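Notes follow once the structure below has been shown.
A short reminder: the numbers here are calculations on the coordinates, not readings from a lab. Bear in mind the structure is a predicted one, so any value in this text is a computation, not a measurement. A quick note on method: Cβ atoms are made from the backbone with ideal geometry, for glycine too, and the neighbour counts reach across all protein chains shown.
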């Protein structure tokens with residue numbers, strides 16, 4: 001989820017096969033079809049997606065959409081005169097064809113999420129799940145590179161970035177840190193294995209998770225992460241070396257903070273978690 005730059009006050013969200021905007025009461029599909037999946041470019045409301053797992057706005061009229069199961073990044077664009085109909089195009093990769101991280105022209109294998117690089121706003125960071133890589137895409141030239149590839153982050157999903165540039169990514173049962181300066185990948189919390197998830201609050205390395213998705217910083221050295229199959233929001237305090245349970249919620253997937261409200265994306269709905277009156281708990 002993100003604040004809608006084209007329609008201030010609205011929130012952009014995905015319902016797997018479509019991208020929509022809502023003011024909290026009314027929703028409008030911007031691209032795709034909520035019930036039909038596939039692949040088709042052209043007029044946005046006739047376009048088809050297989051599975052949208054991420055997106056980011058590079059301007060109020062241009063949104064890059066991660067179409068995971070079509071293995072590509074796609075562009076939703078609001079044209080100006082003389083054509084006012086929103087259109088979709090291939091932005092990066094070759095839709096409906098997966099491939100290795102080092103192939104040319106660039107290919108992806110189940111790309112999952114996309115964020116703007118905090119140290120280079122022209123550069124986009126993409127989690128390339130089955131390739132176990134963080135890919136870079138120049139938002140202007142569309143040139144694709146690979147920031148890091150590691151067996152440790154096979155099945156990587158979401159990415160959060162500190163002001164220093166250091167990245168934190170989720171895999172099934174763990175959170176990994178990727179340092180920006182030397183691209184070193186280290187286990188931060190959970191189990192570095194694709195089997196044996198569980199539930200336990202403890203110190204960082206002894207805590208257990210079961211199918212992690214989104215994560216975000218709510219302060220220096222403090223993360224919230226969605227632990228979907230445990231139906232919990234977990235609080236990861238890096239400085240204190242501690243993981244605790246923040247809330248029990250059914251199948252949490254995505255996170256978005258705004259105006260002291262945490263918007264929580266769940267299956268078929270968006271839930272609000274509000275701060276106590278007079279406090280500020282979400283950045």
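A few notes on this one:
- Residues 89, 49, ranked from the fewest to the most other C-beta atoms within 10 Å, line up as 89, 49.
- Relative contact order of the stretch 224-268, defined on C-alpha pairs under 8 angstrom at six or more residues apart (%): 31 percent
- Once the C-beta distance of residue 6 and residue 206 is scaled by a Förster radius of 41 Å, the resulting FRET efficiency is 0.35 to the nearest 0.05.
- For the chain, built as a Gaussian network whose Cα springs stay under 10 Å, the top-fluctuating residue of 66, 144, 85: 85
- Translational diffusion of the chain was estimated from the Stokes-Einstein equation, with Rh taken as the Kirkwood radius over Cα pairs; at 20 °C and 1.002 mPa s the coefficient is 112 µm²/s.
- A simple spin-label model places pseudo-atoms 7 Å from Cα toward Cβ; at residue 261 and residue 184 they are separated by 4.2 nm.
- Annotation: average projected area of the stretch 90-192 is 6.1 square nanometres, based on the convex hull of Cα atoms across all directions.
- Residue among 191, 157, 269 with the largest mean-square fluctuation in a Gaussian network model of the chain, springs linking Cα atoms under 10 Å: 269
- Separation of the residue 240 and residue 84 label points, Cα + 7 Å toward Cβ, nm: 5.4 nm
- Virtual paramagnetic centre 7 Å along Cα→Cβ of residue 27, amide N under 16 Å, in the stretch 57-75: none
- Projecting label points 7 angstrom from Cα along Cα→Cβ for residue 155 and residue 43 puts them 4.2 nm apart.
- Selected from 29, 134, 65 as most flexible by GNM, with the chain as the system and alpha-carbon contacts under 10 Å: 29
- Extension gain (nm, one decimal) between residue 177 and residue 274, 0.36 nm per residue minus Cα-Cα: 32.1 nm
- Length gained on full extension, residue 229 to residue 62: 56.8 nm, using 0.36 nm per residue less the C-alpha separation.
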